[in-house]
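Right, one structure below, let's go through it.
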Amino acid sequence: MDVDFIFRVAAIGIIVAVLNQLLVRSGREDQAMLTSLAGLVVVLLMLIDVIGELFTNIKSVFGL
Amino acid sequence: MELTNVLGICIIAALLCIVLSEHKPEYSAAVVLLAGAYIFLLLIKNIIPAATGLLSVIDAAGVENDYMKTALKALGICYITQFAADVCRDFGQTALASKAELAGKCAIFLLSLPLVTNIVEIAVNMIGGI
């Protein structure tokens, strides 16, 4: 993994927040909710890889 | 690993969290988790040569290697448990954090149980020998 991941997650968060505001202002609350949900799913998919890499690394280093 | 790299990542991640927590707190949690995992991965690369060096020194001293390996395993369990517990505590879930710590304690106790039984056996033998 790279340090880019942190910035990517933060950028997704900011973009989703802006989209959310826009959609709420234009009266589409349901689409705003779906947008934030989709962003969260994307971020979680990115997180799972990194956490899995971390745990397998620790397991192999310490021989667990 | 460089110390300045880790420190810079910490500061930048903290700043990003402040920006994100106003509108989308769940993303600030993700940033914290990612930054923690990344720093951990950087540190692990440092720990590998340290651990192998320590094991070779123990080998040279002629002490049994199994004990040192058990200690290293306990150290690894401590690291991942602490990581998970800290993340849970950061997200405000102290109950889950204490459960994670309890799981780690159980794992370490199970790991060190053979050593404890060894010590008890030696003690019983000594008492019986008198």
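The values are calculated or read from the model by the stated rules, or taken from the named source; none is laboratory data. Computed from a predicted model, the values in this text were never measured in an experiment. Because the Cβ atoms are built from the backbone with ideal geometry, glycine has one as well, and the counts that use them run over all protein chains shown. Accessible surface is based on the protein model in full, side chains and every heavy atom, while ligands, DNA and RNA are left aside. Shrake-Rupley method; radii C 1.70, N 1.55, O 1.52, S 1.80 Å.
On C-alpha positions alone, give me the angle between the axis of helix B:25-61 and the longest principal axis of chain B, in degrees, nearest 10.
Computed tilt is about 30 degrees.
Can you tell me which of B:ALA107, B:ALA60, B:ALA71 moves the most in a GNM of chain B? Springs connect C-alpha atoms under 10 Å apart.
Taking springs between Cα atoms under 10 Å, the residue moving most is B:ALA60.
Where nothing but the Cβ of Lys and Arg (+1) and of Asp and Glu (-1) is charged, how large is the charge dipole of the protein assembly as shown around its Cα centre, in debye to the nearest 20?
On the way: 11 positive and 16 negative charges, 47 e Å.
Roughly 220 debye, rounded to the nearest 20.
Using a 1.4 Å probe over the heavy atoms of the protein chains, calculate the carbon and sulfur portion of the accessible area of chain A as a whole percent.
Details: 2570 of 3830 Å².
Using a 1.4 Å probe with all protein chains present, chain A comes out at 67 percent carbon and sulfur.
What figure in square angstrom, to the nearest 10, would you give for the accessible area of A:LEU19 with a 1.4 Å probe?
Accessible surface of A:LEU19 is approximately 70 Å².
Could you state the angle between the C-alpha long axis of helix A:4-25 and the longest principal axis of the C-alpha atoms of chain A, as a value from 0 to 90 degrees rounded to the nearest 10?
Around 20 degrees separate the two axes.
With springs only between Cα atoms under 10 Å, which of B:ASN46, B:ASN118, B:ASN65 fluctuates most in a Gaussian network model of chain B?
B:ASN118
Report the accessible area of A:ASP30, computed with a 1.4 Å probe over the heavy atoms of all protein chains in place, in Å² rounded to the nearest 10.
110
Would you work out the charge dipole size for chain B about its Cα centre, treating the Cβ of every Lys and Arg as +1 and the Cβ of every Asp and Glu as -1, and quote it to the nearest 20 debye? Can you show the working numbers first?
Numbers: 7 positive and 10 negative charges, 31 e Å.
The dipole magnitude comes to about 140 debye.
Of all GluC sites (Glu not before Pro) in region B:23-119, which ones are in loop regions per DSSP and have a Cβ with at most 16 other Cβ atoms within 10 Å? Show your work: numbers first, answer last.
Working: sites: B:GLU26, B:GLU64, B:GLU101; in loops: B:GLU64.
Filter output for region B:23-119: B:GLU64.
Evaluate chain A: find the radius of gyration of its Cα atoms, find its Kirkwood radius, and give the ratio Rg to Rh.
On the way: Rg = 16.3 Å, Rh = 13.5 Å.
Using Cα coordinates only, the ratio equals 1.21.
Can you pull the one-decimal nm distance between simple spin-label points at B:LEU96 and A:GLN21, each 7 Å off the Cα toward Cβ?
About 2.9 nm separates the two model spin labels.
Assign one of three labels to chain B, namely rounded, prolate or oblate, based on the Cα gyration tensor with a ≥ b ≥ c the square roots of its eigenvalues; rounded applies when a/c is under 1.5, prolate when it is not and a/b is larger than b/c, and oblate otherwise. Can you show the working numbers first?
On the way: a/c = 5.59, a/b = 1.88, b/c = 2.97.
Since a/c reaches 1.5 but b/c is at least a/b, the shape of chain B is classed as oblate.
Would you mind checking the tilt of helix B:3-23 against the longest principal axis of the Cα atoms of chain B, expressed as 0 to 90 degrees and rounded to 10?
In chain B, helix B:3-23 runs at an angle near 50 degrees to the longest axis.
Counting only protein heavy atoms and using a 1.4 Å probe, what share of the accessible area of chain B belongs to carbon plus sulfur, as a whole percent? Let's see the in-between values first.
On the way: 5650 of 8040 Å².
C and S fraction of accessible area: 70 percent.
Calculate, in nm to one decimal, what B:HIS23 and B:LYS105 gain on full extension: separation in residues at 0.36 nm each, minus their alpha carbon distance.
Values: separation 82, 0.36 × 82 = 29.52 nm, distance 3.74 nm.
Roughly 25.8 nm would be gained on extension.
Roughly how big is chain A's charge dipole about its Cα centre, with Cβ charges of +1 (Lys, Arg) and -1 (Asp, Glu), in debye to the nearest 20? Provide the component values of the computation, followed by the final result.
On the way: 4 positive and 6 negative charges, 26 e Å.
Charge dipole of chain A: 120 debye, to the nearest 20.
Using heavy-atom solvent-accessible surface (probe 1.4 Å) with all chains present, what is the largest-first order of B:TYR79, B:TYR67, B:TYR38, B:TYR27?
Numbers: B:TYR79 80, B:TYR67 105, B:TYR38 30, B:TYR27 0 Å².
From most accessible down to least: B:TYR67, B:TYR79, B:TYR38, B:TYR27.
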